[in-house]
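The values are calculated or read from the model by the stated rules, or taken from the named source; none is laboratory data. Quantities reported herein were computed from a predicted structural model and do not represent experimental measurements. Backbone-built Cβ (ideal geometry, glycine too); neighbour counts: all protein chains shown. Side chains included, ligands, DNA and RNA excluded: accessible areas come from the protein's heavy atoms. Shrake-Rupley method; radii C 1.70, N 1.55, O 1.52, S 1.80 Å.
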Amino acid sequence: MGNAHMYPLLRTTDLGEAFDLAVQLVALATRVQEVSVSAMTAPEGLARYLPLPELAGRPLHTSLRIPPQQAQSTSRLLEHLPSDRFSWSSTGSGWVWDLTPAEAKLIDLIPDLVIDLDLDLDKVVPGRVEEQFIASAGSDIGELSWSVIWPESAREDLWSIPKYDGVELVIHETGLFSEKWSDTHSVWVCGRSETRAEWAAQATGRTVVGAMELGR
C-alpha cells in the first residue's frame, strides 16, 4: 500500500480490541485482495510462526540480521550453509536468507540477532491466517495488512483506488514502520482521502485519532 494515506483509528494496549476493530474494518470492504503479515523475532521465536505457511500453503520468507559485533560467532555456527545464503555489507553487518528453525536453534544463544519474516497471500480463507498470526506474535513487533477494495459512493465522494485501499494492524510498535517496541498496538485505515477514513470510523463507531501518515 505504498503512498497510501494512513489514518489511525485506535491506539490501545489490548491486542484483542485492536484485532477486532481491524476485522470490522475489513468487513466493510467490497473485497479483500491480499493479506500480508510481517514480524521481527529472535531466533528462538521463529518456531512459533511455523503454523502460518502450513495454513497458507505458501513459504514463510525469513532473513536473519547480523550486527557487526556478532558476525564472527554467527558465521562460525552457520559455516555449513552455502555462501549464497549470506550477504555482507561494507559495515560488517550481514544477513542470512531463508533461515530454518533448525538453523535458528544453532544461534539462539547469541544476543542481538533479529529475524525478519513475512508472508503474502492473495488466496486464503478469511480470518484463518490472521488469527494464527496474532496467536504467534506474542510480544514481537509485527504488522498485519489487508489490501482491500473499498465500496464507492458518488454522493459521499468516496471512490475505490485498489492500489491504496486497505487496513493495517501494527503490533507492539511505537508507530508505523518504526521498528521500536511498545506495549501499544494501533489500527489504521488506508486510502487516498480523509473522507474515506472518516467514513470507516463512523461505520465502526470510532473517530480518527491522529494525523495522516504515508504508507511505504
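Residues considered: 175, 191, 166, 205. Of these, the only one that is more than 20 Å from residue 32 (Cα to Cα) and within 21 Å of the chain's Cα centre (by Cα) is 175. Look at the stretch 131-152: where a residue is farther than 14 Å from residue 173 by Cα and a partner is aromatic (Phe, Trp, Tyr) and crowded, with 22+ Cβ neighbours inside 10 Å, sitting 6+ places away or on another chain with Cβ atoms under 6 Å, you get 136/49. If you go through the stretch 157-200 and pick out every residue that is of a type outside the set (D, E, K, R) and in contact (Cβ under 8 Å) with a residue 60 or more places away in the chain, you end up with 19. The residue pairs whose first member lies in the stretch 22-41 and is within 17 Å of residue 158 (Cβ to Cβ), whose second member is in a helix (DSSP H, G or I), and whose beta carbons are closer than 7 Å, counting only pairs six or more residues apart or on different chains, are 25/200; 28/200; 28/203. Taking the criterion of being assigned to a helix (DSSP H, G or I) and either acidic (Asp, Glu) or on the phi > 0 side of the Ramachandran plot (or both), the residues of the stretch 5-29 that qualify are 17, 20. Being in contact with a Leu (Cβ under 8 Å, 6 or more places away or on another chain), of a type in the set (Gly, Ala, Ser) and over 11 Å from residue 213 (Cα atoms) is the filter; apply it to the stretch 2-26 and report the residue that is surrounded by the fewest Cβ atoms within 10 Å (Cβ to Cβ). The selected residue is 18. In the stretch 144-158, the qualifying residues are those that are within 13 Å of residue 200 (Cα to Cα) and in a loop (DSSP other than H, G, I, E, B), and the one that is farthest from the chain's Cα centre (by Cα) is 156.
Given the criteria part of a loop (DSSP other than H, G, I, E, B), over 12 Å from the mean Cα position of the chain (by Cα) and in contact (Cβ under 8 Å) with a residue 40 or more places away in the chain, does residue 110 qualify? Spelling it out, residue 110 is indeed part of a loop (DSSP other than H, G, I, E, B), over 12 Å from the mean Cα position of the chain (by Cα) and in contact (Cβ under 8 Å) with a residue 40 or more places away in the chain. When restricted to residues that are of a type outside the set (Lys, Arg) and either under 17 Å from the mean Cα position of the chain (by Cα) or under 10 Å from residue 119 (Cα atoms) (or both), the stretch 56-68 contains 7. Only residues that are of a type outside the set (S, T, N, Q) and either in a helix (DSSP H, G or I) or open to solvent by less than 20 Å² (accessible area, probe 1.4 Å) (or both) were counted across the stretch 30-75, and they come to 20.
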